[in-house]
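Engineer: Next up is a structure, given as C-alpha cells.
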C-alpha cells in the first residue's frame with residue numbers, strides 16, 4: 001500500500017516540477033511606467049492537467065535513461081522506480097481528466113519542454129559515475145521545483161475538487177522521490193555533499 005501511494009504521489013506531481021522551473025519565464029514582467037502591474041493570466045484546470053501529464057512523461061524519460069545508462073545498480077533501480085511510479089500517476093491523471101471531461105490544454109509557451117530537452121541532452125552526453133551524479137542532482141531539482149509549483153501555484157488555482165484531491169494525494173510522493181534522490185546522491189558521492 002505504501003509503495004502504491006508513493007508511486008501515485010510522485011507521478012501526479014512531476015508536471016508541477018517542470019512548471020515551477022519555467023515559472024519565472026511565465027510570470028508577468030516587473031511593472032514599468034508604461035505597463036504598471038500587468039496581471040498574470042489565470043492558470044486553469046485543463047492547463048494544470050496538461051502540465052501534470054507532461055511532467056510525468058518527462059520523468060518517465062529521465063528514469064528510462066537512468067535504467068539504461070546508470071553506472072550503479074542503485075541508480076538503475078531508482079530510474080526504474082521513477083518510470084513505474086510516474087507511469088502509474090500519469091495514467092491516473094489521464095483517467096481523472098477523462099472522467100471529468102477535461103481536455104488537457106498545454107500552455108502556449110512551454111519552457112518546461114526546453115528545460116527537459118536540455119537536461120536529457122546533458123545526461124545523454126555523460127557516462128559512468130558522472131551520469132549517476134548529474135541524474136540524481138537533476139531529480140532533486142526537478143522534484144523540488146514540482147513541490148514548489150504544487151504548493152504555490154497549482155493547488156491555489158485548481159477549481160475542481162476531485163482534481164485538487166488527486167494532486168493533494170500524490171504530492172507526498174514527490175517529497176519521497178526528492179529525498180530518495182538526495183540520499184542516494186549523498187551515499188554515492190559523499191564528497192560532493194560536503195560542498
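Engineer: Classify the stretch 75-195 as rounded, prolate or oblate from the Cα gyration tensor: take a ≥ b ≥ c as the square roots of its eigenvalues, call it rounded if a/c is under 1.5, otherwise prolate when a/b beats b/c and oblate if not.
Structural biologist: Verdict is prolate for the stretch 75-195.
Engineer: A follow-up question, please. Apply the a/c threshold of 1.5 to the C-alpha gyration tensor of the stretch 66-144 and tell me whether it is rounded, prolate or oblate.
Structural biologist: oblate
Engineer: Now a separate question. I want to verify the translational diffusion coefficient of the stretch 42-100 in µm²/s; compute it with Stokes-Einstein, Rh as the Kirkwood radius over Cα pairs, at 10 °C and 1.306 mPa s.
Structural biologist: Stokes-Einstein gives a translational diffusion coefficient of 131 µm²/s.
Engineer: Next question, about the same structure. Report the Cα centroid-to-centroid distance between the stretch 144-161 and the stretch 108-134 in angstrom, as an integer.
Structural biologist: 24
Engineer: Would you please give the FRET efficiency between residue 80 and residue 192, computed as 1/(1 + (r/R0)^6) with r the Cβ-Cβ distance and R0 = 22 Å, to the nearest 0.05?
Structural biologist: Using R0 = 22 Å, I get an efficiency of 0.40.
Each reported figure results from applying straightforward, stated rules to the coordinates on display, with no laboratory input. Treat the numbers as computed from the prediction; the structure is a model and nothing was measured. In this analysis, Cβ positions are derived from the backbone assuming ideal geometry, glycine residues included, and neighbour counts consider all displayed protein chains.
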